1. For segment 330-348, does any single residue satisfy the condition of being of a type in the set (A, V, I, L, M), in contact (Cβ under 8 Å) with a residue 24 or more places away in the chain and not in a helix (DSSP H, G or I)?
2. Go through ALA155, ALA124 for me and flag whichever is closer than 30 Å to PHE335 by Cβ and of a type in the set (A, V, I, L, M).
3. So if I check each of GLY290, GLY310, GLY297, which one is within 12 Å of the ligand (Cβ to nearest atom) and more than 17 Å from GLY149 (Cα to Cα)?
4. Being in a loop (DSSP other than H, G, I, E, B), within 13 Å of the ligand (Cβ to nearest atom) and either out of contact with any helix residue (DSSP H, G or I) (no Cβ under 7 Å at 6 or more places or on another chain) or not charged (D, E, K, R) (or both) is the filter here; which residues of segment 256-274 pass it?
5. Would a scan of segment 172-181 turn up a residue that is modelled with pLDDT of 95 or more, polar (S, T, N, Q), farther than 30 Å from ASP382 by Cβ and surrounded by 13 or more Cβ atoms within 10 Å (Cβ to Cβ)?
6. If SER55 meets every condition in (1) away from the ligand (no atom under 16 Å from the Cβ); (2) of a type in the set (S, T, N, Q); (3) under 20 Å from the mean Cα position of the chain (by Cα) apart from one, which number is that one?
7. Specify the residue that is farthest from the chain's Cα centre (by Cα); the eligible residues are those in segment 275-317 that are closer than 21 Å to MET260 by Cα and assigned to a helix (DSSP H, G or I).
8. For segment 129-152: of the residues being in a loop (DSSP other than H, G, I, E, B) and more than 16 Å from the ligand (Cβ to nearest atom), which is nearest to GLY287 (Cα to Cα)?
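The values are calculated or read from the model by the stated rules, or taken from the named source; none is laboratory data. As the structure is a computational prediction, the values presented were derived from the model and not from experiment. Positions of Cβ are backbone-derived with ideal geometry, glycine not excepted, and every protein chain shown enters the neighbour counts.
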Amino acid sequence: MMTEPEHIETLLELDRAHVIHPNHALGEAVDFIISRGEGVRLYDVSGRAFLDGRSQLNCANLGYGHPRVIAAIKDQVERLSYLSIFYQFSHPQVISCASRLAASAPGDLEHVLFTSGGSEAIEAALSMVRLYWSRRGSPKSKIISRYKGYHGATASAMAATGMPMGGAAGIQRLVPGHVHIPAPHQYRHAEHVDEAAYAKFAADQLAAAIELEGPDTVAAFIAEPVIGVGGYIPPPAGYWTMVREICDRYGVLLILDEVMTGFHRTGPRFAADHWNLVPDIMIVGKGINGCHVPCGGAVISSRIAAVLEGAKLSGFTHTGHPLAMAAANAAFDAFEQDGIEANVERVGGLIMERLRREFLPLPHVGSIEGLGLMIGIELVADKASKTRLPDRALQGIVAAALRDGLIMRGRDSRLALCPPLVVNESDAMLMLDILHPLIRGLSA
Ligand SMILES: Cc1ncc(COP(=O)(O)O)c(C=O)c1O
């Protein structure tokens, strides 16, 4: 449906007057009003199409309006539009979703506290961690996380986040008990040529932090298996095996934040599956139902659940919301029936192959890293010195791509390439066709 030009002006004015947009200067007008989505494309009110190269916030994993998910939501809203699962109530969709999550999550991660999104799931997980240690009679309460890590916009999630967010860096560190260590990115550590040795160096930074803080005070280590917002950077081989061993050695719980990586973003169901990694708690969100309905969750191990036995934990009004659960159950089916894992591996492989062949030799491309359909391109002003491309130039590429009909995301000199997991080869190549001349045309 097209909207008349004068109506578009009114929408833009009302938006500017009343809507606060995250990550956008408060009071500044937006440029696009999107009214429809289908497959990997979004359409604005004037009917213009945009190819979504970043799955919005790396979350519209099944594209827009997946038929199976839509049918499940429609059916559920008519059957049972809402039920709180507080107290002694449950419903079939939440039981099915939790069981499927338990069956597909690594190791003994079998108990799920559902939330409305990733940040709430982090808060819930950190509360459970503190209760776990307190019930065990331990004073452990500190949380170690990594610089470059993003864990959300609520108080503790933001305190665990390792980059300035939310408009004023100082505000996010008001929750005490959070400690940060560097996250590995071998490209920025040229002195380490050997990947295995670099992985050990990076993992040892966790051991050193635990020693310095005092092992008796550290409750948990939380990290994304593949760095997300901080640059779309996979870890060096061997890193996670060493991190797991360090956590076990010091009795520190390992919380893996799979909010962005979960549900096939990197190929397998969870990024942890790449390394047979079994965390003590796994955080999920975004892709669980492809963001058709807000949803997240903290999945805890049976060992933690045994210690928490009998506790009356806090929850949220939307914990286990029937529509979110119905959408997630339909998404579980869609991942299998649409062959999502195989598509991510095939199309991700084709993108990576072309990026290495055609983009890496360009003078302003410093490095390209990725796993599945979670790819980061590091742009530099100078390849030899690895000086980062100024943000103005990076945002210039994002804006030019948008003019050419491709939605991208860029931060800290890195471009994210994260299309919906249903993207086909021809749309994937179209994204690269649009990007190549823009990156080639960068001047020093
Ligand atoms: C790794 C990670 N954790 C947590 C969050 C927070 O999730 P939400 O925005 O749903 O609260 C995000 C969101 O981008 C994320 O990428």
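1. no
2. Among ALA155, ALA124, only ALA124 is closer than 30 Å to PHE335 by Cβ and of a type in the set (A, V, I, L, M).
3. The conditions single out GLY297.
4. Matches in segment 256-274: VAL259, MET260, THR261, GLY262, PHE263, THR266, PHE270.
5. no
6. It is condition (1) that SER55 fails.
7. TRP275
8. SER141
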